[in-house]
1. Cα to Cα, under 27 Å, and not fewer than 8 places away if on the same chain: which lysines meet these conditions relative to B:LYS129?
2. Test of understanding: what is the full-extension gain from C:ALA183 to C:PHE129, defined as 0.36 nm times their sequence separation minus their Cα-Cα distance?
3. Between B:SER263 and B:ALA19, how high is the FRET efficiency from 1/(1 + (r/R0)^6) when r is the Cβ-Cβ distance and R₀ = 35 Å? Nearest 0.05.
4. Mind giving me the FRET efficiency for A:TYR161 and A:ASP31? R0 is 56 Å, r the Cβ-Cβ distance, nearest 0.05 is fine.
5. Round to a whole angstrom and tell me the spacing of the C-alpha centers of the range B:180-197 and the range C:220-291.
6. List every residue whose amide H lies under 5 Å from the amide H of A:VAL57, counting only residues 5 or more places away in sequence or on a different chain, with H placed 1.01 Å from N in the peptide plane.
7. For chain A, what is the mean residue ellipticity at 222 nm derived from helices alone (per DSSP H run of n ≥ 4: -39500 (n - 2.57); sum divided by total residues; nearest 500 deg cm²/dmol)?
8. For the B and C pair, go ahead and give the buried accessible area with a 1.4 Å probe, both sides summed, in Å² to 100.
Amino acid sequence: MAEALRQRSASSEPIVSAATTEPRIVLSCNDLEVRAGGTPILRCPELEVRAHGVTGVIGPSGAGKSTLLKCLNRLIELEPGLSVRGRVELDGTAVYGRRTDPARLRERIGILFQQPVVFPGSIARNVLFGLRWVRRPPRRTWPGHVQRALRAASLWDEVEYRLDRPATELSVGQRQRLCLARTLAMEPEVILMDEPTSSLDPASTEAIEGLIRRLAERHTIVLVTHDMDQARRVTDRIACVCLRDGVGVVAPSVPTATGLPDPGCRRAVEAIPGTPGRRVIP
Amino acid sequence: MRRLIDHGFTLLTGMAALAACGLLVGIAAVILERGLPALSWEFVSRAADGFGGGGVVYQIAGTVLLLLTALGVAAPTAIAVALLATVYLDRGRSRRRLTLALYALNGVPSIVFGIVGLAVFVKGLGWGKSWLAGGLVLALMILPTLTVALAERIRAVPRSYRTAASGLGLSRSAVVWSVLLPQSLGGLVSGTLLGLARAAGETAPILFTAAVFAGATLPAGVKESPILALPYHIFVLAQDSFDPAAGAALWGSATVLLALVLSLSIAALPTRLRTHEEARHG
Amino acid sequence: MTRWLTWTLSLLTGVVVLGSALLLLLESLPAWRHSGLGFLTGTRWFFRASEFGAAPMVYGTLVVAVLALGLAAPLAFGAALFTAEVLRGRARLAVKGTIELLAGIPSVVYGLLGVLLLRDWIYRLLSPFDPLSGDTLLTGGVLLAVMILPTVTTLADDSLAGVPAGQRRAARGLGLTRAEVAATVVVPQAAPGLVAALLLGLGRALGETIAVFLVVGRRDNQWPEWLLSPKPIAEAGQTLTTKLGGSEVWIAWGDPLHWGAIVGLALLLLSLVVGLTVTGLRLAPPGGRDA
C-alpha cells in the first residue's frame, strides 16, 4: 500500500528542477509551537523552505495547516486566543523579533486564502489595494503596476477592457487570480497559499496550478493543500502535518518525488478523501 | 512613520474607549458613594413622609406595578406582532415595512407617549392619573424592544426545523407552538428584560399619566388611582435639590433605581451579546 | 386560532399607533388654524396673548442636539473603532457590555448628576462671561452628549464589526497596518452604518426630555439676534421636549387652542425624530442589508 504510493509518485515524474548546488533557505521554523489558551495545538520542530520552488504542506483537515501558514507571516496574531513561541526566520531576520514590524514583514511574505477576498471597488483598485497604501508609488505608474501584476497572474487578457468594472463581477476563479495579482503587485519574496484551489472548478484549478509553477521561477511558494495529487503535480518538496494526540505536528519537508517517509503521515494523507490509494471500506 | 500612525490610532481610540467606560464607572461610583450611606432596611421598607424624608417602599411598589402592567400587556402583543413579522406575513416587502414601523415606534420620544396618554386616558376617558394609564403607555413604549428581540430569534431558528415539523404533518400554528416559540424563548426573555429596564427608568411617559409625588399608596381601582414611582420621585426631588434633607433620600432613591435598572439589563446582557456576535460570525 | 389571535392583536396595535398619530394631528388642528405656518416660524410664545410661535423651542432643541452630537461623535467613533478593530474576544465583549450598560442608565439619573455636578462645572466654566446660572443650553448639550455616547458607540461598533473579517485578514496579509485597514477597508464600507448611528443618536438627543428638563433653565422665547450667534448657548433656553414636560401642559388642557399648540409641538417633535430614525434605518437596515 505504502509501496504503491511511493511507486506512483516516482513514476508520475513531478516537475522537479534538480538542484545542483545546495539551495538557499529562505524561511525556516525552529521549535515553533502554537497554543490556544494553555494547550498546544500545533508543533513544528523544524521546517525549511528553499528559495525558488514550491514547498507543499499536506495533511488532513483540522491538523493545523492554515495555522502553520499564518505563523509564517504573523497573521496568526490576528486570531484571538492563540499564542506562538519558537523561532521563525526570513532570510536571517527573526520574524517574531521584537524589532520586526509585522506590516513590513507581510509586505515581503504575501498570502492567498482559500476563499478569494475582493474589496468593494473596481478591478484596478483591487490590484492596487496594497501597493497604493504601502508603497505609495506615483499615480502615473499605477497603470503599469496594474498591467504587470495582472499579466503575472494570467488575468490580463480577461479583464484588459474592464479594469474599471466592479471586481465582484468576476467569477470565483478570476477573483482568486485577482487576489494573486494584488499580492504579486507588492513583489513579495515569499507567497503563502492556503488551499487556493479548494473553492474552484477544475478548469480554474488547472489555471492556478500552472501559474504556481511559473511563479516558482521567481518567487518562493508555500502551498497548503489537502490533495496529494495536487501536491505531486505542483510541489518540489513536501511537509506533512498530522494529528498526534490532538496536536498537529509538522514533519520536516522531503522531496515530493521520494514520497512521505513517516508512516503516520502517510496514513493520515491516504485517509483524505480523493487521495488515490485510499482504502474504501464498503 | 506608518508604525507611528498605527500606534497613534490604537492610543487615541483606546483613550476614547477608556473615557466611555470610565463614564459608566464614574457615574456608578458617584451614585453609590452618595447613595449607599442613605440605604438601609428602613429606607426600602418605610413610606415616604411627603417632604423628601422617610422611605421609598411605595415608590418601589408603584414602579413594580407599572412594570407588571406594561409586561402583561406588551408580552402577548409582542408575541403576536413578532409572529406576524416572521411567520404570517409572507411577502418580504410587508415584512420590511412592519420592521421599519417597529423601529420608528421605538424612536418615538417618550414625552410624546406621555402627551398621548394624557389626552386619551387621563382626560379623554376621564381616568385621571392612574396606574393603568401609565402601564399601558409604557407597554406601547417597550413593545418594539420585545418584538424585535423575539423576531430576531424566531428568524434564527433553522429553516430545517420548520420543514421537519411541517413534514410530520403539523399545522402552521402547531409549528409555532411546538418549535418556534420554545426555540426563541431566550429572545423574548432578553427583550423583556431590556424593555423593563427601559420602562423602569422612564419618567416622561408617567409624568402626566400615572405618577404623583405624595399621597398615594397602593391603588384600589382604575379611576383616580395614581401611584408613586421611583423615577418620578427622583425627578421631583432633583428640582428641589437645595434642601439638604432631600439629599439623602434623593441619592438613596437613585441608587435603588439604578440597581433595579442595571440588574435587569445585566441579566439581559449575555444573551444579547451572544446573539449579536453569532450573527456576525455565522 | 393562533393565526386569528396574532392578526387581532397586531391589528389592534396598529390601530392604537395610527390612532395616536391621528389624535395628535386632529388635536393640534386649532393651533394650525390659528397661526398657520406662523406656528413654525413665530418666535414668540405667550399663551395668555394667544401667541404661539414654536421657533425658539425648535432652535433650542437643535442647538442642544447638535452640541450633543458634536461632542459625543468623536468619542463614540473612537471608542467604536477600538472595540471593533483593536479588542478581541472577551475584552471586546467586556467593553461593549459596559458601554451598553451605560445606555441603560435612566435619564432621570443623568438629570440628577446634571443638577448636582455638571451645572456647577458649567457655571464655573462660563464664569468669565458672568452667567446667570449653570442652567444653559450648553449644560443640556453636554449632558445629552454623555447620554447618547453609548448609543452611538454601540451602533457604530455594530456597523464596523459587520465588515467581514476575511477582508481585514486579506488587507493585513498585504502588509497594511491596523490603522490603514480601518481607514481603507473598514470605515468606507461601514460608512452608511456610521451615518445611521449618528442619525439615531441625534434622534435620541432630540427626544430626550427629563435630563434636559432639569438643567436647561426652561426660559421661553430665547431667540438669537443672528442665527449663529453663540450667546444663547451660554444662557437658559427651552426645547420642544422640556416645554412638553412642563406644567404648562396642565394649564393648556381645556383651552382647545392652547392645548392644540402643545399637541402641535409634540407633533413637530415626533415628525423630526421619526424622520431621522427612518432615514437612519434606510441607510443601514437593522440586521443587514437583506433583512
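The values are calculated or read from the model by the stated rules, or taken from the named source; none is laboratory data. Because the structure is predicted, anything quoted here is derived from the model rather than measured. Cβ sites come from the backbone with ideal geometry, for glycine too, and all protein chains shown count toward neighbours. Ligands, DNA and RNA are stripped out before the accessible areas are found, and what is left, the full protein with its side chains, is counted by its heavy atoms. Shrake-Rupley method; radii C 1.70, N 1.55, O 1.52, S 1.80 Å.
1. B:LYS223, C:LYS243
2. Numbers: separation 54, 0.36 × 54 = 19.44 nm, distance 4.10 nm.
So the extension gain works out to 15.3 nm.
3. Values: r = 25 Å, r/R0 = 0.72.
Given R0 = 35 Å and the Cβ-Cβ separation, E is 0.90.
4. Details: r = 52 Å, r/R0 = 0.93.
The pair A:TYR161/A:ASP31 has a calculated efficiency of 0.60.
5. 32 Å
6. Those qualifying (amide H under 5 Å, at least 5 residues apart or on another chain) are A:LEU223, A:VAL224, A:THR225, A:ALA239.
7. Details: 10 runs with 94 residues, N = 282.
Taken over chain A, the calculation gives -9500 deg cm²/dmol.
8. Using a 1.4 Å probe on protein heavy atoms, the buried area is about 6800 Å².
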